[in-house]
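Notes follow the structure.
A short reminder: the numbers here are calculations on the coordinates, not readings from a lab. What you see is a predicted model, and the numbers here were worked out from it, not measured in a lab. Backbone-built Cβ (ideal geometry, glycine too); neighbour counts: all protein chains shown.
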Amino acid sequence: MSWTPNEKEIEAVLSLDASKRYEHWIKKVADQEEVWSLWQEGGWALAGDDTGRQLVPVWPHSRYAALCAEGVWASYQPKAIALEVWLDRWIPGMERDQRLVAVFPTPKDKGVPIEPRRLEKDLRQELRNYE
C-alpha cells in the first residue's frame with residue numbers, strides 16, 4: 001500500500017510537536033516499511049548536536065525529507081531505505097559509529113534525537129501490531 005501525504009496532511013503533521021511527529025514517524029514507517037533520508041553522490045546527510053555527535057536525519061516520506069533539503073542539504077535528494085535494511089544494517093552501523101538518529105526534523109525543528117537501539121525497539125513494538 002503506497003501512501004503520499006497531501007498538502008493539508010503535511011501542514012498538520014509539521015505543526016505537531018516533536019514527540020507527536022516521532023509517534024507519527026513510527027506508525028508510518030512500520031506501515032510503509034521504508035525510511036526516508038537525504039542522499040547525494042558521496043553520502044547521506046548528517047546533522048550534528050551541541051556535543052559534536054553526528055545524527056542521521058530520517059522522515060516517513062520523501063515529501064517531508066524534500067522540505068528539509070535546503071541550506072547545507074540543498075544538493076541532497078530524498079532516498080528510501082527498506083525497513084528491513086534499516087533494522088538489520090543501519091541500526092547496528094549507527095550504534096557502532098556512535099551516531100544518533102534525528103527523527104522527523106522539519107525546516108523549523110531539529111527533530112527527536114534518539115539512540116538507534118531505542119528507535120529499533122519502538123519500531124519493532126509497532127511492527128507487532130501488523131503481525
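Between beta-carbons, use under 14 Å as the cut-off and find the net charge around E84, counting Lys and Arg +1, Asp and Glu -1.
Local net charge: -2.
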As a test of the definition: which semi-axes, in Å, follow for the stretch 18-112 when you take the square root of five times each eigenvalue of its alpha carbon gyration tensor? Largest first, please. 17, 16, 14
Please give, to one decimal in nm, the separation of the simple spin-label points placed at D50 and R117, each 7 Å out from Cα toward the Cβ. 2.6
Amide proton proximity set for Q77, modelled H, under 5 Å, gap of 5+: W39, Q40
State which helices in the chain qualify, where a helix is a whole DSSP H run, it must extend 24 Å or more along its own axis by its Cα atoms, and its mean Kyte-Doolittle hydropathy must be at least 1.6. none
